[in-house]
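One structure is given here, and the rest of the page talks about it.
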Amino acid sequence: MNHPPIHAVFFDVGGTLLHPVSVARNYSRTGQKYGSKLGEDGMRERFLAAFRRQEEHDRTLDWRTDDARELKRWQAIVREVLHDVADFE
């Protein structure tokens, strides 16, 4: 069977379209808009630590998830990473 060549692949994760930019860069740029003083290196370290903590929590839930859990998970990650931002809303 002949298939046309693939030109692009998109991943949709919980309603968020992913872009090929580092997580640390995205968090740093976004955080700075809201008063964060952390640079990209600081963001990378904080993000990895926060992500690992949420992975451990998800493991205790036997990896069960739903929209509410995903929202809480990412809110917790953002709050932990951007600890120097006063208003998360």
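The values are calculated or read from the model by the stated rules, or taken from the named source; none is laboratory data. Here the structure is a predicted model, which is why all the values come from computation and not from measurement. Remember, those area values only see protein heavy atoms, side chains included, never the ligands or the DNA or RNA. Shrake-Rupley method; radii C 1.70, N 1.55, O 1.52, S 1.80 Å.
Tabulated results
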{"item": "Length-normalised contact order of the chain in % [C-alpha pairs under 8 Å, at least 6 apart]", "result": "30 percent"}
{"item": "Over 15 Å [Cα-Cα, segment 31-82], rounded percent", "result": "49 percent"}
{"item": "The chain: calculated mean residue ellipticity at 222 nm from DSSP helix runs of at least 4, using -39500 (n - 2.57)", "result": "-17500 deg cm²/dmol"}
{"item": "Heavy-atom surface of the chain, accessible at 1.4 Å and reported per residue (Å²)", "result": "82 Å²"}
{"item": "Gyration tensor verdict on the chain (Cα atoms; rounded if a/c is under 1.5, prolate if a/b is larger than b/c, oblate otherwise)", "result": "oblate"}
{"item": "Solvent accessible area, Å² - His3, 1.4 Å probe, full protein context", "result": "130 Å²"}
{"item": "Portion, in percent, of the accessible area of the chain that falls on carbon or sulfur, probe 1.4 Å", "result": "56 percent"}
{"item": "Degrees, to the nearest 10: 40-60 long Cα axis against longest axis of the chain", "result": "70 degrees"}
{"item": "Rounded to 10°, Cα long-axis angle of helix 67-81 versus longest principal axis of the chain", "result": "50 degrees"}
{"item": "Max mean-square fluctuation residue, GNM over the chain, Cα-Cα springs under 10 Å, options Arg59, Arg73, Arg29", "result": "Arg59"}
